[in-house]
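Okay, structure first, notes after.
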Amino acid sequence: MPRFVDTNAIVAHQYEGVSCHEEIRPVIQAIGANSLPHYPLVTNQYVLDEVVSLLLSHAGTRVAHQVIDRILETDTVRVLDVEPSLAERAVEQFQQYDDQAISLTDHVIGVQARDYGIDHILTYDGGFRTLGFTALPRE
């Protein structure tokens, strides 16, 4: 069963300066080895944008370039396109949750995950529970 991977899980896996780094590494390795039922991992273009932006500001240009190259070259993570109609549905959902601090990117993930029948998100972000998803690795 595929699982969606969020920005903070990618950054935690790829950048040692993040507190969850040691927790997420064995999870991603087990998924890549197909030892956990969370394969394949998928993400999208919005998440890649957030990953690069975060790494540029916290880890520097070199790290940001290395991480994006690794993501694009790996077989473990598939990057999905975000079509304009998907973005429009995510904006509509974002507006429905006007009492919640859930980012537009997380709403894009939620809409896209539902489209793909994915109900588990690899993340450290609690907003996905509000959207009806199971957040791994902590749940």
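Tell me whether region 98-117 contains one or more residues that are more than 20 Å from R3 (Cα to Cα) and among the hydroxyl-bearing types (S, T, Y). Looking through region 98-117, none of the residues is more than 20 Å from R3 (Cα to Cα) and among the hydroxyl-bearing types (S, T, Y). For region 43-81, taking the residues that are of a type in the set (D, E, K, R) and over 18 Å from F4 (Cα atoms), the one that is most open to solvent (accessible area, probe 1.4 Å) is identified as R62.
Here is a yes/no grid of residues against (1) assigned to a strand (DSSP E or B); (2) aliphatic (A, V, I, L, M):
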{"residue": "T43", "(1), (2)": "yes, no"}
{"residue": "Y46", "(1), (2)": "no, no"}
{"residue": "A64", "(1), (2)": "no, yes"}
{"residue": "D99", "(1), (2)": "no, no"}
{"residue": "V111", "(1), (2)": "no, yes"}
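The C-beta contact set for region 113-139 (first residue in a helix (DSSP H, G or I), second residue aliphatic (A, V, I, L, M) and surrounded by fewer than 13 Cβ atoms within 10 Å (Cβ to Cβ), distance under 8 angstrom, 6+ apart or interchain) comprises G127/A101.
The set of residues in region 55-80 being among the polar types (S, T, N, Q) and at pLDDT 95 or above consists of T61 alone.
The values are calculated or read from the model by the stated rules, or taken from the named source; none is laboratory data. A quick note: this is a predicted structure, and the numbers were derived from the prediction, not measured. Note: ideal-geometry Cβ built from the backbone for every residue, glycine included; neighbour counts use all protein chains shown. To get the accessible areas, we keep the full protein, side chains included, count just its heavy atoms, and leave off ligands, DNA and RNA. Shrake-Rupley method; radii C 1.70, N 1.55, O 1.52, S 1.80 Å.
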